[in-house]
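For reference, the structure discussed in these notes is given below.
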Amino acid sequence: MVLSMKRVLIPLLALVVTVVVAPSASAAYPAPGRVTGDIGVHDPSTVKRSDGSYLVAHTGNGIALKTSTDRTAFRNAGAAFPGGTPWASTYTANSRNLWAPDISYRNGQYWMYYSASTFGSNRSAIFLATSPSGNSGTWTNRGLVIESRTSDNFNAIDPDLVVDDQGRWWLSFGSFWSGIKMIALNPSTGLRSDSTVRSIAGRNGGAIEAPNIVKRGNYYYLFVSFDRCCQGAASTYRVMVGRSTSVTGPYVDRNGTALTSGGGTEILAGQGSIHGPGHQDVLADSDGDVLVYHYYADNGASLLGINLLAIDSAGWPYVR
């Protein structure tokens, strides 16, 4: 069986720690930036609020939330759905654990796409919820966006919303199977607008998931995670990227290899006590682009990673 290695296997909600990772002179990549407080996360997505604070949504019961006033100290902010999500129970085998949210602020409200599934299965679904504030208990279910069945060659988890230069809404998603897909959305409802499923990245059945697309300059950049998560310190997740002048692709890596043919340029991978960094989300902030992700510590705990992200003279992202 092909497994989707997206799920968190260790309870994290009670983890309250301070992590300061000393960089090594021989390290291939910068160490995660300093974060403190409640930083036990998996599959994080982040939005900056109008008051300058940050809201993080991540995998957990009812979708777990965290907040920060300074992008350094984080605290638990409850769950998006403290009363449960009965509409998702068909896909979660009645578990309250929901996966890999994508959170953003558009048109005066918070939008959140999130996944419902069980480990290793592509009987999955992506749902949409909206909220006026983003706070726990204020989220309203807006319905099913897309589902996958065991007869499908894709997995409907790991959603990511991108709005292109023409104002069109697109949702990328996918994990294992035939790779990363994209569908068009209706900007008025946030739900699916047609029946077309596009392929934008894949590894011929290999481990790829967690798409995130942003537009910078002339290019749309597609970030994905290769290899395995959810194995604690044995995780091999790494962050890859490709780019395209069109939101729907084709995306290619630095060497010109199509992401639909297994291409991808690595920008972050495990080293030292940083294991399996991935499920990345790019946040535009006042000091530049920020890469938000999770990684595993030596003890197997999944923690919040934050680094600045820049683009080199050839137009390729790198972590700094």
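Considering every residue within the stretch 147-167, establish whether at least one is among the β-branched types (Val, Ile, Thr) and free of Cβ contacts under 8 Å to residues at least 40 places away in the same chain. Yes, there is a match, as at least one residue in the stretch 147-167 is among the β-branched types (Val, Ile, Thr) and free of Cβ contacts under 8 Å to residues at least 40 places away in the same chain.
When the stretch 85-110 is filtered for residues that are exposed (fewer than 14 other Cβ atoms within 10 Å of the Cβ), at positive phi and either part of a strand (DSSP E or B) or of a type in the set (Gly, Ala, Ser) (or both), the ones remaining, listed by number, are ALA93, GLY108. The set of residues in the stretch 244-273 that are charged (D, E, K, R) and open to solvent by less than 40 Å² (accessible area, probe 1.4 Å) contains only ASP253.
With respect to PHE81, is the statement that it is out of contact with any helix residue (DSSP H, G or I) (no Cβ under 8 Å at 6 or more places or on another chain) and not charged (D, E, K, R) true? So PHE81 fits the description; yes. Scanning the stretch 111-121 for residues that are surrounded by fewer than 24 Cβ atoms within 10 Å (Cβ to Cβ) and closer than 15 Å to PHE176 by Cβ yields a total of 4. Selection of the stretch 285-320 for residues being open to solvent by 30 Å² or more (accessible area, probe 1.4 Å) and either of a type in the set (Phe, Trp, Tyr) or free of Cβ contacts under 8 Å to residues at least 60 places away in the same chain (or both) yields SER286, ASP287, ASP312, SER313, TYR318.
Each row is one residue, and each column tells you yes or no for (1) more than 25 Å from TYR293 (Cβ to Cβ); (2) assigned to a loop (DSSP other than H, G, I, E, B).
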| site | (1), (2) |
| --- | --- |
| LEU161 | no, no |
| GLN166 | yes, yes |
| TRP170 | no, no |
| SER178 | no, yes |
| SER195 | yes, yes |
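Hey, can you tell me all the residues within the stretch 130-157 that are of a type in the set (Val, Ile, Thr), part of a loop (DSSP other than H, G, I, E, B) and open to solvent by less than 20 Å² (accessible area, probe 1.4 Å)? ILE157 - this is the single residue of the stretch 130-157 that is of a type in the set (Val, Ile, Thr), part of a loop (DSSP other than H, G, I, E, B) and open to solvent by less than 20 Å² (accessible area, probe 1.4 Å). The number of residues in the stretch 162-180 being closer than 18 Å to TYR114 by Cβ and either of a type in the set (Val, Ile, Thr) or open to solvent by 10 Å² or more (accessible area, probe 1.4 Å) (or both) comes to 4.
Taken over the stretch 197-217, the criterion of being outside any loop (DSSP other than H, G, I, E, B), under 19 Å from TRP177 (Cβ atoms) and among the aliphatic types (A, V, I, L, M) is satisfied by ILE200, ALA201, ILE208, ALA210.
Whether any residue in the stretch 278-285 is closer than 21 Å to ILE103 by Cβ, modelled with pLDDT of 95 or more, of a type in the set (Asp, Glu) and part of a strand (DSSP E or B) is what I want to check. Yes, the stretch 278-285 contains a residue that is closer than 21 Å to ILE103 by Cβ, modelled with pLDDT of 95 or more, of a type in the set (Asp, Glu) and part of a strand (DSSP E or B).
The values are calculated or read from the model by the stated rules, or taken from the named source; none is laboratory data. Here the structure is a predicted model, which is why all the values come from computation and not from measurement. We place every Cβ from the backbone using ideal geometry, glycine too, and count neighbours over all the protein chains shown. Remember, those area values only see protein heavy atoms, side chains included, never the ligands or the DNA or RNA. Shrake-Rupley method; radii C 1.70, N 1.55, O 1.52, S 1.80 Å.
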